[in-house]
Amino acid sequence: MTTHQPFPKNRVILYGVVDRRNDRDTKKVSPDIRRYRNPTGGADYTVNLQVASPYGGSYKIEVNVGPVNGAEIFASCPADQPVILTGHLTRMPEVDRRFREYDATRVVEGIFYQDVEVRVEAVRLPTETDPTGTGSNIALEGEVVEPPIFMRHPDIPDLELARVGIRARTQAMMDETGQILPARACLVTVVIPVDDEHAELLYRRGNRVQIRGALERLAVRQTGREEVRERLGTLAKEWEEQWHTLHDAETHDATAISRAGNAYLRQRDRLSRSVRTVVVAVGVTPLAEATPLDREAAALDRDLYDEERREANRHRRMERSERRRRNRQHERLAKEEPSAPEQPTEEGHEQASVSPLNHRRRKPTLSPHDGPPADHEGPATIGGWE
């Protein structure tokens, strides 16, 4: 007799191989694993894995592993060691620090965006019954909350994808040791080929669906960002000066010009691309009377969604500005309030002056709905992509 297993709400199984970290000084190959202290003082591991891509080739993915079941494997794990990680997916804020800038008056951390992250719940070594290769197995059940953006696969131009946002939720559970794992809401970026027979089920906001898929990393172009355009412009000017220097040299080494040109093209391509993690939907099952939506209507809904986001961002900025204005006004009044005048006593002696109590300064607070800082409007599209 077989027992029916419920469909996982948000579950990922990642079959990976520990990546290598080449030490140029000792010429030794070591595992790309680092142990660090997180902001709360806990000891976590950062592990880089090599995983097979669903469209061929492979990609590198960095995962953070806390003190979960099996984490001790990474204390003495060699390079090229196959490992299996289980957990769930969620979208988290990230920063592309290649574009950070520092000067005397400000510090710019880089380009802010949101990316899908694997939250590891357990680690183990593979057994005989596990797949021999690498890859991933993902199950999601949730609601479509962000209408599609249509894009081309960066490495397969003939493959057109629709990118949507799915709000899923993890399941609260208690493991065999008695540890309680609370449920949490998660936002996950999902892509699906537009020619898939079930693609239109992901176009309508409010549809509830079950998704089977695989994890993928896409090197998408972000040339729409002002910071990227500025950096590419600076790089182009540097290349122009370098080309004139090499071209006007007495030797006029064509090989040196070609080598420098290839290096410039590689650097330009790296700067114009940023890697994002997504789920490639392989199977979609509708739930709760979910209905498809055609592409034209989905594009109109996307325009409406973007306008709603912009209006919400403007409203949050106005609220923060008004709150800061009130705080500054309160501080100014507290500083300008005069001291109480000296009053003579009944015997004709002056009484020691007593300053009135200052108004208690209320520290400005931010609610969870305030969003990012006022000087950062945040991504206007899914995952911060242009």
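The values are calculated or read from the model by the stated rules, or taken from the named source; none is laboratory data. Nothing here was measured: the structure is a model prediction, and the numbers come from that model. Quick reminder, even Gly has a Cβ in these numbers, built from the backbone with ideal geometry, and neighbours come from all protein chains shown.
Annotations for the structure displayed:
- Selection count, region 98-131, where residues are basic (K, R) and under 30 Å from I13 (Cβ atoms): 2
- Restricting region 311-364 to residues that are basic (K, R) and loosely packed, with under 10 Cβ neighbours inside 10 Å, the residue that is modelled with the highest pLDDT: K335
- Residue within region 156-177 that is surrounded by 18 or more Cβ atoms within 10 Å (Cβ to Cβ), touching a residue at least 12 places away in the same chain (Cβ under 8 Å) and over 30 Å from E226 (Cα atoms) present: yes
- Candidates R100, R106, R124, R35, filtered to the one that is over 24 Å from V280 (Cβ atoms), in contact with a Phe, Trp or Tyr (Cβ under 7 Å, 6 or more places away or on another chain) and of a type in the set (D, E, K, R): R35
- R268 passes every criterion in (1) in contact with a Leu (Cβ under 7 Å, 6 or more places away or on another chain); (2) in contact (Cβ under 8 Å) with a residue 60 or more places away in the chain; (3) closer than 30 Å to A52 by Cβ apart from (2).
- The single condition from (1) modelled with pLDDT under 90; (2) over 30 Å from V12 (Cα atoms); (3) not in a loop (DSSP other than H, G, I, E, B) that G224 fails is (3).
- Odd one out for P78, checked against (1) under 19 Å from T127 (Cβ atoms); (2) in contact with a helix residue (DSSP H, G or I) (Cβ under 6 Å, 6 or more places away or on another chain): (2)
- Residue in region 54-68 that is among the aliphatic types (A, V, I, L, M) and under 18 Å from R217 (Cβ atoms) present: yes
- Tally of residues being in a loop (DSSP other than H, G, I, E, B) and surrounded by 15 or more Cβ atoms within 10 Å (Cβ to Cβ) across region 244-299: 3
- Scanning region 284-332 for residues that are over 21 Å from P147 (Cβ atoms) and either in contact with a strand residue (DSSP E or B) (Cβ under 7 Å, 6 or more places away or on another chain) or among the polar types (S, T, N, Q) (or both) gives S321, N327, Q329.
- The residues of region 241-274 that are modelled with pLDDT under 85 and β-branched (V, I, T) amount to a single one, T251.
- Test set (1) outside any strand (DSSP E or B); (2) touching a residue at least 60 places away in the same chain (Cβ under 8 Å) - D195 fails condition number: (2)
- Residues of region 275-301 classified as over 21 Å from the mean Cα position of the chain (by Cα), at pLDDT 90 or above and of a type in the set (D, E, K, R), total: 4
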